[in-house]
Each structure stands twice: as structure tokens, then as C-alpha cells.
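The values are calculated or read from the model by the stated rules, or taken from the named source; none is laboratory data. Just so we're clear, the structure is a prediction, and the values are computed from it rather than from any experiment. Note that each Cβ is placed from the backbone with ideal geometry, even for glycine, and that neighbours are counted across all protein chains shown.
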């Protein structure tokens with residue numbers, strides 16, 4: 001086999017460029033569709049919103065603990081993690097309830113399913129389209145050499161075993177596009193929200209258990225904080241600055 | 001050489017005026033990190049196209065990628081006026097953060113440009 005295959009220009013015109021363009025357009029379409037679908041049903045449960053705000057307040061307290069005197073910090077800490085009526089203290093029975101309620105809530109389940117589907121369906125359809133139309137020929141040459149073990153993965157439609165592994169089929173061009181266009185999407189779509197599926201999966205799995213576990217996590221975090229008074233000589237410093245300003 | 005991104009390089013002062021306390025404003029830190037991410041992504045795409053047009057193959061291409069990332073780091077440091085500590089946590093953050101994140105985009109555009117120019 002010759003070392004340098006000469007490939008038809010028609011392949012470039014009708015395979016590489018259309019496939020990339022289609023994937024970019026599908027990504028943009030998916031972004032807009034998810035934005036439209038998200039704004040339709042958004043009535044958050046007031047209890048959940050309240051819990052979320054409590055968590056934010058506790059987190060702010062933890063972050064800025066060193067800027068308030070020790071006594072006030074301790075007072076606030078007790079307010080949050082007090083055994084009887086502290087805001088972060090949730091007895092075990094109630095915790096289970098929140099989880100079960102979230103999962104059986106039909107709106108929430110529908111939302112999650114819709115988001116998952118809007119991620120998976122375009123990918124599956126595009127992959128099937130690529131396989132149907134663009135299989136059985138060499139599509140591109142990747143500029144760096146790979147070992148023989150990648151041959152079965154990258155050269156799927158090509159049945160000649162002596163062709164250099166750098167010459168790949170269009171399926172691998174599809175996968176290359178899938179990973180490489182993520183950066184492009186983050187540039188043209190603002191924040192890369194609808195197109196990074198791994199991040200999405202992690203958010204999905206963490207969402208159902210969020211409220212009760214994060215409350216106890218915040219409580220533990222607050223208990224751990226060591227208060228170190230960061231502004232000990234503040235009055236002297238303020239005096240020095242004022243002096244400099246006045247004189 | 002590859003062009004520079006000057007459009008959205010708005011970096012905000014992350015640390016406050018008290019000279020003894022290294023405190024950082026979270027929102028500004030996040031904005032700085034976002035600017036860095038965009039810069040690196042953009043440079044890796046441009047670098048990929050340049051590498052393809054130049055006809056670099058194999059190891060040379062990856063060396064070129066690291067060169068581009070290094071230039072991006074130097075550029076970001078210069079934009080921050082080399083006083084890193086008032087904008088970022090540490091030197092490591094501005095030099096090494098997101099170093100490999102642009103690799104996939106680089107390879108995609110490298111393959112694309114190389115094929116269009118040299119093979120077809």
C-alpha cells in the first residue's frame with residue numbers, strides 16, 4: 001500500500017464539512033430548545049427555596065467568619081446548629097420525607113427526563129445518520145501516528161488491514177467532533193451549559209438528595225470552623241489610614 | 001503567529017486593599033477564571049488551524065500545542081501586569097489551569113486544517 005493515500009476532494013466537500021456544520025447546528029439547536037423548555041414550568045417549591053437560602057446564609061457565615069468578633073460568630077453558630085430549633089438541624093424522619101417527595105413529584109421527574117432525553121436523542125440520531133450514510137470509506141487522516149491497537153476503533157468501515165492507522169473512518173471523525181466542539185460551543189453560546197453531558201449527569205444524580213444531606217453537611221462545616229479574629233488591630237489601622245488622608 | 005484575544009479580557013481586582021489580609025472576592029475570581037478559560041480555548045482552536053496549515057505532524061504538533069499554551073500563559077500574565085497576587089490565588093492557577101482542556105479542540109481543528117490543506 002502506498003504510504004500517502006490521495007483522497008477524493010468530494011470526500012472533503014461532502015463528508016467532513018457537512019458533518020462538522022451539522023454538529024455545530026445541532027448543538028446550537030439543542031441549546032435553544034433546552035432554554036425554551038426550561039422556562040415553561042418553573043414553580044419552585046417554597047420550602048425548598050427557604051432551605052436553599054438557609055444553606056447560602058450558613059455558607060456565607062462560614063466564609064466570612066474571621067471578620068466578625070468571636071462572640072458574635074459563636075452566637076450565629078448556635079443559631080444555626082442548635083439542637084432544638086436551629087435552622088440546620090433536621091431530625092431523621094423529616095429528612096427521608098423530603099427525598100421521597102422529590103422523587104415522586106411528577107414535575108421534577110418529567111423535567112429530569114426531558115433534560116436527559118434532549119441530551120441523548122440528538123447524539124444517537126446523528127450517530128445513526130453517520131453510520132448509515134458515511135460508512136465504508138476513508139474519511140480523514142489524523143496528523144499523528146497511533147499504534148495498531150486503535151485500528152479496530154478508528155477504522156471501522158474500512159476492511160483493508162494494511163492501511164495506515166492514521167487514515168480513519170467517518171465514525172471517528174464524528175467522535176472527534178463530539179469532543180472537540182465542546183470548546184467551540186463554550187465560546188459561541190456564552191456559558192457552556194447545554195452541551196457538556198458529563199457535567200449534566202453529575203448534576204442530575206446529585207439533585208435528588210440535595211436538601212437534607214447538604215443541610216447536615218453545612219452544619220458539620222460550621223461546627224468545624226475555627227474562628228481566628230482577622231482584624232485585631234483594626235482601630236489602629238483605621239486611625240493610620242485616616243491620618244494619612246487628613247494630613 | 002496566532003492572533004491575540006483582546007476583546008473580553010476584563011480582569012477585575014480580586015483582592016482588597018488591606019495589605020496584610022489575602023482575601024479574595026469570589027465573583028471576581030470566577031470571572032477571571034472564565035476569561036482565562038475562554039482565552040485558552042480560543043488560542044487552542046487558532047493554534048490547531050495554524051498547525052494544520054503548517055503541516056505539522058506527530059510529536060511536532062503536540063509540541064506546538066504546548067508552545068501555544070505557554071504563549072497564552074505569558075500573555076495572561078502580562079495582561080495582569082505581572083502582579084499575579086492581586087488577581088489570582090497563586091502562580092499555578094494562571095500558568096497551569098486548563099492546560100489540557102483545549103487539547104481536544106486543538107486536535108479537531110488540527111486534523112481539519114491538515115486534511116483540507118494537505119490531503120485533499
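Of all helices (runs of 4 or more DSSP H) completely enclosed by the range B:38-114, which ones contain at least 1 residues that are closer than 27 Å to residue A:16 by Cα and out of contact with any strand residue (DSSP E or B) (no Cβ under 6 Å at 6 or more places or on another chain)?
Hits in the range B:38-114: B:59-79, B:103-114.
Within the range A:159-186, take every residue that is assigned to a loop (DSSP other than H, G, I, E, B) and more than 20 Å from residue A:129 (Cβ to Cβ) and give me the one that is nearest to the other protein chains (Cβ to nearest Cβ).
A:166
Check whether at least one residue in the range B:101-118 is within 21 Å of residue A:186 (Cβ to Cβ) and away from chain A (no Cβ under 14 Å), and report yes or no.
no
Looking at residue B:33 and the list (1) within 11 Å of another protein chain (Cβ to nearest Cβ); (2) modelled with pLDDT of 80 or more, which single condition is not satisfied?
Failed condition: (1).
Among the listed residues B:7, B:15, which satisfies the condition of being within 26 Å of residue A:180 (Cα to Cα) and at pLDDT below 85?
B:7
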